[in-house]
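Participant: Below you will find the structure I want to go over with you.
Where a number appears in this text, it was derived from the coordinates with a stated rule and is not lab data. Note that the structure is a prediction, hence the values are computed from the model and not measured. Every residue, glycine among them, receives a Cβ derived from its backbone with ideal geometry; neighbour counts consider all protein chains shown.
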Amino acid sequence: MLRRVVGLASTVGLAGCTSLSASTLDGDFGMEPNPRDLPARQHAQDAVLRRDGDGNPIAPRHHAVLLLDLDREPSAEGARTVERAMRAVEAAYEWRPEGLLHMLVWGTPYFERIGRSNAAPISPPENHSRTDDPRLEGFDAALVLSSDVPSHLQRAESTLFDDGEGGGETFDHRLGEVFTRVGKRTGFIGSGLPRKHAEAEGIPTDAEIPESSPMFMGFRSGLAETQASEDDITISGGWFDDEFAGGTTMNLTHFQQSLSGWFEALDDDERVDRMFAPDLTPEDVSSFTQSVPFADAVREHAAEHDVVGHHEKVAQAREDGDPLLLRRDFNTVDGGRAGVHFLSLQASIDDFVKTRRAMNGWYVRDDSPRITDRERNGILEFITEVSVANFYVPPRSDRAFPGFRADR
Ligand code: HEM
């Protein structure tokens with residue numbers, strides 16, 4: 001009830017202002033309705049993904065996250081430009097991996113800029129590691145792009161941002177009129193791609209990454225039952241009308257990988273111990289179809305085997321048997337260095353924090369003197385956290401300046 005009263009009070013206080021959702025842009029701000037029939041949620045992509053032989057969704061093969069800062073203060077005019085630019089992308093590419101999937105997401109500095117930090121569904125990132133010292137980053141926004149066709153990513157970026165002075169093609173309305181690109185994360189996931197990038201620093205020259213491996217560490221990830229569903233990660237309005245409902249939150253963490261120990265000091269069995277659990281064998285792992293069974297015995301494994309696996313630790317964060325995160329991470333060689341851009345979607349940043357802490361596994365140190373914050377503790381010995389940032393992913397209708405109210 002209190003939330004409702006507060007909500008009403010803020011509406012009254014803002015008489016004469018209106019939010020810039022697509023419906024108001026269409027009406028009050030003079031735009032036509034979006035002619036494309038696309039999912040209401042920007043993060044609803046599973047329905048168009050290809051499936052592997054076991055029915056698991058296959059992530060698009062190429063990824064880019066363009067990190068953006070606003071060049072001008074939010075306004076109805078700016079929102080129109082942003083919305084028109086995004087509709088131009090939607091007209092140019094089909095909403096499927098053979099075309100282009102995209103999300104325009106908004107970071108904590110944007111919510112500060114519009115004076116709505118307290119209302120924002122996200123909080124600034126924090127360091128959850130005792131051994132790493134990641135940059136805690138904030139960007140006004142980011143454009144998340146993915147496709148099976150690498151040239152679609154490049155072309156979408158240049159038509160959305162370049163002003164055409166160099167003679168290249170551009171859209172009539174461009175994100176470049178509103179934002180500056182301040183950074184870019186790129187990467188890939190899928191059979192054959194890690195092996196193709198095996199010359200990156202962090203991977204030993206004689207590492208035998210299997211041709212079929214979708215990830216540098218040699219395993220596949222994202223089996224259907226290890227993921228939260230798109231419905232479960234969507235912010236629900238609950239009994240009050242939450243202006244951010246229908247969206248989700250996004251965490252973006254960059255990890256560098258140092259895989260000489262992974263490939264040289266560990267054999268196949270030991271890699272399975274670290275990635276999954278010490279009671280599983282490589283044969284077990286190759287028999288997984290849509291789920292990763294786990295014994296729910298992390299502390300017992302620490303005491304008996306002096307090693308714990310990544311999967312069994314993060315699975316401790318499940319609620320009612322379901323994972324809290326929908327992971328859409330990918331490998332990278334940004335900076336010439338092997339790594340992972342961990343990109344996860346969840347209803348609340350708290351869900352990410354709970355899972356990230358479960359990955360630390362600090363509690364198992366009590367059960368084994370050989371397990372440290374990094375050693376024999378899942379995959380932590382082989383990865384270093386470089387940077388972390390949080391974003392809000394609005395529903396498509398609210399993707400231009402979510403939460404901002406403009407004068408009519
Ligand atoms: C940086 C490198 C990482 C690699 C290579 C990696 C790899 C994997 C693999 C192979 C699996 C099991 C198979 C599957 O996904 O179906 C898995 C599961 C999982 N990982 Fe990671 N992961 C990484 C980082 C993270 C981080 C940073 C988090 C969260 C903070 C995380 C959370 C999870 C979760 C929630 C699951 C599923 C657990 C469940 O079934 O309940 N991972 N990961």
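Participant: Check the straight Cα-Cα distances from Lys313 and name the lysines below 22 Å, setting aside those fewer than 8 residues away within the same chain.
Facilitator: Here the lysines satisfying the reach criterion relative to Lys313 are Lys354.
Participant: Measure nothing fancy, just the Cα-based angle from helix 76-92's long axis to the longest principal axis of the chain, in degrees from 0 to 90, nearest 10.
Facilitator: Approximately 60 degrees, to the nearest 10.
Participant: For helix 2-13, what angle does its Cα long axis make with the longest principal axis of the chain, in degrees from 0 to 90 and rounded to 10?
Facilitator: 40
Participant: Find which of Val105, Met250, Pro369 sits farthest along the positive direction of the dipole of the chain, computed with +1 on the beta-carbon of Lys and Arg, -1 on that of Asp and Glu, about the Cα centre.
Facilitator: Of the listed residues, the answer is Val105.
Participant: Right, next: Would you calculate a helix-derived [θ] at 222 nm for the chain, using -39,500 (n - 2.57) for each DSSP H run of n ≥ 4 and dividing by the full residue count, to the nearest 500?
Facilitator: So the helix-based figure for the chain works out to -6500 deg cm²/dmol.
Participant: Rounded to the nearest 5, what is the percent of antiparallel bridges among the DSSP beta bridges in the chain?
Facilitator: Antiparallel: roughly 95 percent of the beta bridges in the chain.
Participant: How large is ³J(HN,Hα), in whole Hz, for each residue of the stretch 321-329 in order, when computed from phi with the Karplus curve 6.51 cos²θ - 1.76 cosθ + 1.60 and θ = phi - 60°, using x for Gly and Pro?
Facilitator: Going residue by residue, I get x, 10, x, 8, 10, 9, 8, 10, 7 Hz, with x marking Gly and Pro.
Participant: Now, a different point. With labels modelled as points extended 7 Å from the Cα through the Cβ direction, what inter-label distance (nm, one decimal) is found for Leu38 paired with Thr205?
Facilitator: Label at Leu38, label at Thr205, 4.6 nm between them.
Participant: For the chain, give the magnitude of the charge dipole about the Cα centre (Cβ charges: +1 Lys/Arg, -1 Asp/Glu; no others), in debye to the nearest 20.
Facilitator: Rounded to the nearest 20 debye, it is 1060 debye.
Participant: Do you know the relative contact order of the chain, to the nearest whole percent, from alpha carbon pairs under 8 angstrom that are 6+ apart?
Facilitator: Relative contact order here is 25 percent.
Participant: What's log10 of I(q)/I(0) for the chain at q = 0.07, 0.09, 0.11 Å⁻¹, Debye sum over Cα points only, no solvent?
Facilitator: Debye output, listed in q order: -0.35, -0.57, -0.83.
Participant: Tell me, how many Å apart are the Cα centres for the stretch 183-257 and for the stretch 308-356?
Facilitator: The distance from the Cα centre of the stretch 183-257 to that of the stretch 308-356 comes to 8 Å.
Participant: May I pose another question? What full-extension length gain, to one decimal in nm, is calculated for Arg96 and Trp362 as 0.36 nm per residue of separation minus the Cα-Cα distance?
Facilitator: 91.7 nm
Participant: At 0.36 nm per residue, and after removing the present C-alpha to C-alpha distance, how many nm does the segment from Asp54 to Ser387 gain when stretched out fully?
Facilitator: Gain on extension, Asp54 to Ser387, equals 116.5 nm.
Participant: Further question on the same structure: Which value, in debye to the nearest 20, gives the size of the charge dipole of the stretch 70-118 about its Cα centre, when Lys and Arg are +1 and Asp and Glu are -1 at the Cβ?
Facilitator: 120
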